[in-house]
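As structure tokens, the structure follows; a few thoughts come after it.
The values are calculated or read from the model by the stated rules, or taken from the named source; none is laboratory data. The model shown is predicted, which means the values in this text are computed figures rather than measured ones. Ideal geometry is used to build each Cβ from the backbone, glycine not excepted, and the neighbour counts take in all protein chains shown.
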Amino acid sequence: MQMQSPRFPSLMTLVLAALLMAGCSSTSTEPVPEPEPIEQPAPQPVPQPEPEPELADFDSAGNVLGPDGRPLTRTFYFGYDRAVLSPSDLAALELHAQVLRRNSDRSIVVEGHCDERGTREYNLALGERRADSIRSFLLSAGVSARQIETVSYGEEQPADPGHTESAWERNRRAVMVYR
Amino acid sequence: MQKISFVSVVLFSACVSLLVSSATFAAGSLDTIIIDRGVDEPIRVAVVPFKMDPSLMSETNIADIVGFDLARSGQFDPLASENMLSYPSSRATVFFRDWRILKTAYLVIGSARVDAGGRVAVEFELYDVLGERLMLSRRYSVARSQWRDVSHQIADAIYEEVTGIRGAFSTKIMYVLARNAGSPDAVYQLEIADSDGERSRTLFSSREPIMSASWAPDGKRVAYVTFETGRPSIVIQDVNGPYRERLTNFRGINSAPVFSPDGRQLAMVLSKDGDPEIFIMDLATKSLRQVTRHHAIDTEPSWSPDGSSIIFTSDRGGRPQIYQLELSTNLLERLTFRGDYNARARLLPDGKHLVFVHRTNGVFHIAWQDLERDNLQVLTQTALDESPSLAPNGTMLIYATQDRGRGILAVVSIDGSVKYRLPSSSGDVREPAWSPFLDG
């Protein structure tokens, strides 16, 4: 199960090619620091009473855990007017794909969001494109379509109610909600 | 004789201003602040404070409501009551010479009294001062609850008699009031207020977002988008009745509902088959017809006034631009070429002019385009201007913008000369939709 899906490398190539073609706009710093994918020498998570293998993927607070036992980010950010995944997000998304492949009874809702610039209905469509980018990645990584639902909120539910560049950066996002 | 001494003028105007301010605070719906006063030489009109029964003195004087309506049009400059030389309420006490001295072109006088049945009898007369001629005279019998309705009807009648254009003061404005959007305490309300921002009431309230409200052409129903099911869905609802129905709740986007001019069909955006496409629903049979087929974003439909074509936003050319689709022939034409973001278009009642959201130098404004001459004019100067909606007489448009980080509504005349703002003290207001003419 830890093996990569055979379609995964070609998808990586596709995504990277798309990024290059799109000119890869946003090189600014991530508004929220990603968890370091470095192997942690830290102690193992507290042993669970039921050592079922799938329990290690989630903690009692509902967090999705990476191989190092730390919560995986569930929020992914996008450039202005863009719906292309950032290359730096692909490793975390692949870890989510592994979790979903191992836990076929779990499903997710991917919420797409936009900043306030642009018309509301166009942003509703753009938010759907962002959620669909995540969905396409997960499908290509072998996750069942039955496990993924998308919903766009457009610009209606900002993470940051401000009207600055940094608020807009935080609002252009897709969020994976596990159920 | 109704010549009034200085002292009584001061007392009277103090009384009027007290009434106006108390009415403003009591209603608390939308405030109205005039920014630019309109055309260079507005029509000078005097609307004399109506003679009112003592039992009606708790109401705002009809003359104040009428005068404020006319002032907001930008085409009229009502004379302040403290500058009047007399306060006639019948022809016998009108001295045209006084009004000529004040350079008043038109004079409005009137009265309101409670009749034996408890209804309010309102009458007014409109005079041409230079010609010393009665132009219009009307009487109304209304319930007291219709006080502001009859005032707006009087303003409509005066506006039409003088300008030849049907007045739109008796119309309503629908908008979304949002508090704490995006937070766990978020509340969204669909509100309907008078065209002057007064008397708002809540049509629907939700913890989830509300979007894209639009009016049926008879003004009796509205359609809007709610997220109450966990995803966007289209709802149709009576304005004054119990009927409420969820029309669509497909996977993906269900949004941007707009009634056809005959009220029998609803254009909408659905992404149930993968990407956003424009569909038309027959409201009697609920059957759906897909009218766009493109993998790009197709959204924000609106109808041409004759119902023969759909105007919509598409990024099929790489950037959002406005297209027109002829429904009988499927002939598609791109309408906008200037700038890299043109969206959410509405046609004027003449079918030859377009208003839409236009991005220029990274800033979003409302623009106006003559489709025959192909000239584009930017109507607004603020940032993040969106959701333009036309008054049914085509003279004004209302839109959403921001003022010091707050969502407010604003109105601009189609010639750009008059501007006023409608903030709400209750929260962010947005997505205004001007009602059609409301008869009766």
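Among the residues of segment B:78-99, the ones that are among the basic types (Lys, Arg) and crowded, with 17+ Cβ neighbours inside 10 Å come to 0 in all.
Checking the structure you have, find out if any residue of segment B:235-247 is within 14 Å of chain A (Cβ to nearest Cβ) and either farther than 27 Å from A:Gly112 by Cα or in contact with a Lys or Arg (Cβ under 9 Å, 6 or more places away or on another chain) (or both). Outline the logic, then answer.
Going through segment B:235-247, the residues within 14 Å of chain A (Cβ to nearest Cβ) turn out to be none.
Within segment B:235-247, none of the residues are within 14 Å of chain A (Cβ to nearest Cβ) and either farther than 27 Å from A:Gly112 by Cα or in contact with a Lys or Arg (Cβ under 9 Å, 6 or more places away or on another chain) (or both).
Within segment B:328-355, the residues that satisfy the criterion of being surrounded by 17 or more Cβ atoms within 10 Å (Cβ to Cβ), away from chain A (no Cβ under 14 Å) and in a loop (DSSP other than H, G, I, E, B) are B:Leu335, B:Leu348. Residues of segment B:280-301 that are buried (at least 24 other Cβ atoms within 10 Å of the Cβ) and either in contact (Cβ under 8 Å) with a residue 60 or more places away in the chain or not in a loop (DSSP other than H, G, I, E, B) (or both): B:Asp298, B:Thr299, B:Glu300, B:Pro301. Annotation: of all residues in segment B:378-405 being part of a strand (DSSP E or B), more than 14 Å from chain A (Cβ to nearest Cβ) and within 28 Å of A:Ala167 (Cβ to Cβ), the one that is modelled with the lowest pLDDT is B:Val378.
Close Cβ contacts (under 9 Å, 6 or more residues apart or on different chains) running from residues in segment B:357-376 that are part of a strand (DSSP E or B) to residues that are surrounded by fewer than 18 Cβ atoms within 10 Å (Cβ to Cβ) and of a type in the set (Asp, Glu) comprise B:Arg359/B:Asp340; B:Leu376/B:Asp370.
Of the residues in segment A:169-178, how many are within 11 Å of chain B (Cβ to nearest Cβ) and surrounded by fewer than 22 Cβ atoms within 10 Å (Cβ to Cβ)?
Pass one, segment A:169-178, residues within 11 Å of chain B (Cβ to nearest Cβ): A:170-171, A:177.
Going one step further and asking which of them are surrounded by fewer than 22 Cβ atoms within 10 Å (Cβ to Cβ), we end up with A:170, A:177.
So the answer is 2.
Residues that are surrounded by 23 or more Cβ atoms within 10 Å (Cβ to Cβ) and within 9 Å of chain B (Cβ to nearest Cβ) within segment A:100-111 are absent altogether. When B:Ile158 is tested against (1) closer than 30 Å to A:Val175 by Cβ; (2) aliphatic (A, V, I, L, M); (3) assigned by TED's automatic domain parsing to the domain that holds B:Val66, exactly one condition is not met: (1).
Among what's in segment B:158-201 and is hydroxyl-bearing (Ser, Thr, Tyr) and over 30 Å from B:Asp77 (Cβ atoms), pick the residue that is modelled with the highest pLDDT. Full working, then the answer.
Initial filter on segment B:158-201 (hydroxyl-bearing (Ser, Thr, Tyr)): B:159, B:163, B:170-171, B:175, B:183, B:188, B:195, B:200.
If we keep only those that are over 30 Å from B:Asp77 (Cβ atoms) as well, we get B:183, B:188.
Details: B:Ser183: 89, B:Tyr188: 96.
Ranking the candidates gives B:Tyr188 first.
Listed here are the residues, each with its yes/no results for (1) of a type outside the set (Gly, Ala, Ser); (2) in contact with a strand residue (DSSP E or B) (Cβ under 9 Å, 6 or more places away or on another chain).
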site	(1), (2)
A:Gly62	no, yes
A:Ser88	no, no
A:Arg101	yes, no
A:Asp105	yes, no
A:Gln147	yes, yes
A:Pro158	yes, yes
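This table checks each residue for (1) touching an Asp or Glu at 6+ places or on another chain (Cβ under 9 Å); (2) away from chain B (no Cβ under 12 Å).
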residue	(1), (2)
A:His113	yes, no
A:Glu121	yes, no
A:Ala125	yes, no
A:Ser133	no, yes
A:Phe137	yes, yes
A:Gly142	no, yes
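Within the span defined as segment B:406-420, every residue fails to be buried (at least 17 other Cβ atoms within 10 Å of the Cβ), assigned to a strand (DSSP E or B), over 20 Å from the mean Cα position of the chain (by Cα) and aliphatic (A, V, I, L, M).
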